[in-house]
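First the structure, in the form of structure tokens, and then the observations on it.
The values are calculated or read from the model by the stated rules, or taken from the named source; none is laboratory data. Quick caveat: nothing in here was measured; it's all calculated off a predicted structure. Counting neighbours? That spans all protein chains shown, and the Cβs are built from the backbone with ideal geometry, glycine included. What goes into the accessible areas is simple: the full protein's heavy atoms, side chains included, and nothing from ligands, DNA or RNA. Shrake-Rupley method; radii C 1.70, N 1.55, O 1.52, S 1.80 Å.
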Amino acid sequence: MIVLFSDCGLRGPYTGQVKARLLGRAPDAQIIDLFSDAPSQNPKASSYLLAAYAEEFPEGTIFLCVVDPGVGGDRLPLVVKASNKWFVGPGNGLFEGVLRVGSESAEVWEVTWRPEILSNSFHGRDLFAPVAAMLHCGNEPPGEPRILDWNRYIDWPDSLLEIIYVDKYGNAMTGISRHAAKPTYNLKVNDCSIGHANTFSDVSIAQPFWYVNSNGLVEIAVNRGSAAKHFGLVIGSKIN
């Protein structure tokens, strides 16, 4: 399958154009919409989100990833193989999380292939989608191998003490991994202390709490309410 992870959104033509380009080159591909609203123009926050959600997909899955504020600039297009899964997208830190998870066997290629027509502002459609289709069709990555430590963002923490995503219910995901979360911890948000619960029904209606969500990230919630509205949380809000 080819999994789409992007900040392109569903409004406007962008996601549809990427899918059309994929299916034009790989008509039998099964396309999964994972995120079309990844943290906008924010490769760092998106990196933590991608690493957490990629874990549940089987080996061989191809992730087409487009969070690319530097499109057309000097960031390089990459193919990454980590945990026996493929990731295609910009070399701007977006793949740092998956490289850490699968670093023992990870490989990196700089994409040197270029299409006949390449726009300056939409590499997701013109470059990354065709490369993902090539991988789906069994081709080797169209580029040059790079050493694993090249262009790594090693100063990024393993757990990011920020909000990295807010879902439709107002639940606020953090970049904190389940491995770093102890139930005895109290998180602090805007000078408010938040305790742990296993799930929504364990607390009273309108009570804030934090829990480890189904993909292994610490998430701040309010039972039958919106944590984002309650605390004024947005992507990038700091926690401690």
Suppose we take every Cα in the range 166-234 and form the convex hull; what volume per residue is that in Å³? 84
The chain pair-distance distribution - Cα-Cα, 5 Å bins, rounded %: 1, 6, 14, 18, 18, 14, 11, 8, 5, 3, 1, 0
Share of Cα-Cα pairs in the range 81-153 beyond 17 Å, whole percent, is 44
Let me know the charge dipole size of the chain about its Cα centre in debye, to the nearest 20, where only the beta-carbon of Lys, Arg (+1) and Asp, Glu (-1) is charged. 540
Counting sequence-distant residues (5 or more places) and residues on other chains, those with an amide H built under 5 Å from that of F63 are V3, W86, F87, V88
Longest principal axis of the chain (C-alpha) makes with the long axis of helix 14-25 (C-alpha) an angle, in degrees to the nearest 10, of 40
By accessible area of protein heavy atoms, probe 1.4 Å, what ranking do Y211, Y169 get, highest first? Y169, Y211
Vicinal HN-Hα couplings computed from phi for the range 31-38 (Karplus, 6.51 cos²θ - 1.76 cosθ + 1.60; Hz; Gly/Pro x): 9, 10, 8, 8, 10, 10, 10, 4
Any chance you could run the full-extension gain for D33 through I117? It's 0.36 nm times the residue separation minus the Cα-Cα distance, nm to one decimal. 27.7 nm
With θ set to phi - 60° and the Karplus curve 6.51 cos²θ - 1.76 cosθ + 1.60, what are the ³J(HN,Hα) couplings of the range 168-183 in order, to the nearest whole Hz, using x for Gly and Pro? 5, 8, x, 6, 10, 7, 10, x, 8, 6, 4, 5, 9, 9, 10, x
How many Å² of accessible area per residue for the chain, probe 1.4 Å? 48
Output ordering of 130-140, 26-36, 183-193, 84-94 (per-residue mean of other Cβ within 10 Å, highest first) is 84-94, 130-140, 26-36, 183-193
222 nm mean residue ellipticity, helices alone, for the chain (DSSP H n ≥ 4; -39,500 (n - 2.57); rounded to 500): -5000 deg cm²/dmol
Under the rule of at least 5 residues apart or a separate chain, name every residue whose amide H is placed under 5 Å from the amide H of L34. L4
J(HN,Hα) series, the range 210-216, from Karplus relation 6.51 cos²θ - 1.76 cosθ + 1.60, nearest Hz, glycine and proline x: 10, 8, 8, 6, 5, 10, x
Using the Cα atoms of the range 60-116 to build a convex hull, what is its mean projected area in square nanometres? 4.2
Expressed as a whole percentage, what fraction of the accessible surface of the chain belongs to carbon and sulfur atoms when a 1.4 Å probe is rolled over the protein heavy atoms? 48
Given backbone amide H placed at 1.01 Å from N, residues whose amide H is under 5 Å from that of Y165, ignoring those fewer than 5 places away on the same chain, are M173
